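Okay, so here's the structure we're looking at.
Bear in mind these aren't lab numbers, they're just calculated from the coordinates by the rules spelled out. These numbers come from a predicted model, not from an experiment. Reconstructed Cβ throughout: ideal geometry from the backbone, glycine too, with neighbour counts over all protein chains shown.
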Amino acid sequence: MWDKELKIAIQKKQIVTIYLIDGAVLQGIPDTCTDRLKMRSAYGPVWVPLEEIKHVSRLIRLDVKKNLLAHP
């Protein structure tokens, strides 16, 4: 199921947190996804084999102009 979230994050250039099978946690903006994920992190580019990914979380930013709950 995380592959769908990853594809959306790539399209929208959203920040993701990737949890790996070995317990490592990576955070950055995903660029491309073939047999491995290329991600831009604070430490530079990172390549992660897809079979090592356990879970993906996306950070969704809300645009202040589009926030319907904001008071005028």
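Applying the set (1) closer than 13 Å to H55 by Cβ; (2) exposed (fewer than 11 other Cβ atoms within 10 Å of the Cβ); (3) among the acidic types (D, E) to D35 leaves exactly one unmet item: (1). Would you confirm whether any residue within the stretch 40-59 is in contact (Cβ under 8 Å) with a residue 40 or more places away in the chain, among the aliphatic types (A, V, I, L, M) and touching a Phe, Trp or Tyr at 6+ places or on another chain (Cβ under 9 Å)? Yes, the conditions are met somewhere in the stretch 40-59. Pairs are defined by a Cβ separation below 7 Å, a sequence spacing of at least 6 or placement on different chains, a first member in the stretch 7-28 that is touching a residue at least 60 places away in the same chain (Cβ under 8 Å), and a second member that is in a strand (DSSP E or B) and crowded, with 16+ Cβ neighbours inside 10 Å; no pair meets this definition.
Note on the stretch 15-59: residues that are within 17 Å of K4 (Cβ to Cβ) and of a type in the set (F, W, Y) amount to 1.
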